[in-house]
Amino acid sequence: MLALKPEKRPRIGLALSGGAARGIAHVGVLRALAEHNLPIDCIAGTSAGALVGGTLAAGMALSEIESIGRSLRWRDVGRMTMSRMGVQSNERLEQYLRERLPVTRFEDLPIPFASVATDLQSGKGVILKGEGDVPFAIRASCAIPGWYIPVTDEHGRQLVDGGLVANIPSDVARSMGADIVIAVDVNAEGAAFLGPSLSIISVVLQSMMLVQRTASLYQLAVADVVIKPRVGHIRWDELRRAEELIAAGYEAGVESIPEIEKVIAAATKAKRKWYQIRRRKEFPAKRPITSLT
């Protein structure tokens, strides 16, 4: 990897997709990037991507993130509830993170981080960043509608899983000041384990995947590099296959290093920041909420 001073290299952002248990593959990708000394200047995450990205942004060591990935179980995330809004509450996830994260306030994060949720009433995306509580923000991004009850924020908004609006938050990473966005899509292979749709549940899952894939086309186009772990054969609920998921993420990350280096080299050598200007003209970014310097 190119050894460049921070002021002489492009800012690099990660956009980590949702994907439930498959999100553990993000951990392997992070390991691959770290081993090749790839600097990360900001992170945007949705659902499982927010969970993994938030731990890295908080300064947690990769070895500890890997340990959490291997040991996390659904009982650590949610518990049964009597609410008519969902089957479970995922308050346990917030508590789990609060007990483990080195820092829990956005203002104190070593790496700027954004967690993507969805306003259930308006259907609009809610970008949680800059200030506030990190465990709450991650919990909101992971509140799968229909299963987990919505999470209510201080403004009275009912927040649910960010995957409904931006499952691969590339534009969010761009809006945080990233010149180069590296996206990780753990759903790129679809649901290979289902095979042909022969039942109602398989039709539902395949249909959801198709809708989400179509909605993600813009986000994929915004990214400069897309890493696609080969995990289509693993179901979204199979947390116990963490070792396999981490290995797949690592393999995909290593395979992407040459492409990443090429993009960084091109952006670094470009004169008058033409690369950044071109990308932002093609995909206008929202004005950053906070300074990331």
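The table below gives the values:
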| read-out | value |
| --- | --- |
| Accessible heavy-atom area order of V165, V116, highest first, probe of 1.4 Å | V165, V116 |
| Heavy-atom accessible area ranking, 1.4 Å probe, most first, across V27, V254 | V254, V27 |
| Whole-percent carbon and sulfur share, accessible surface of the stretch 215-258, 1.4 Å | 57 |
| Estimated D of the stretch 1-149 in µm² per second, where Rh is the Kirkwood radius over Cα pairs and Stokes-Einstein applies at 10 °C, 1.306 mPa s | 100 |
| Ordering of 150-160, 53-63, 124-134, 174-184 by packing [mean C-beta count within 10 Å, highest first] | 174-184, 53-63, 124-134, 150-160 |
| Hz values of 3J(HN,Hα) by residue in the stretch 89-106 - Karplus curve (6.51, -1.76, 1.60), Gly and Pro given as x | 9, 9, 4, 4, 4, 4, 5, 4, 6, 4, 6, 10, 5, x, 9, 10, 10, 4 |
| Exposure of D76 as accessible area (Å², to 10), given a probe of 1.4 Å and all protein chains | 40 |
| Cα-based shape type of the stretch 115-200, given that a ≥ b ≥ c are square roots of the gyration tensor eigenvalues and the cut on a/c is 1.5 | oblate |
| Residue order for R9, R100 - accessible surface, 1.4 angstrom probe, largest first | R100, R9 |
| Area of F193 that stays accessible when all protein chains are in place (1.4 Å probe, Å², to 10) | 60 |
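The values are calculated or read from the model by the stated rules, or taken from the named source; none is laboratory data. Bear in mind that the values here come from a model prediction, so they are computed numbers and not experimental data. Glycine gets a Cβ as well: all are built from the backbone with ideal geometry, and neighbour counts include every protein chain shown. Just the protein is used for accessible areas: all its heavy atoms, side chains included, with ligands, DNA and RNA removed. Shrake-Rupley method; radii C 1.70, N 1.55, O 1.52, S 1.80 Å.
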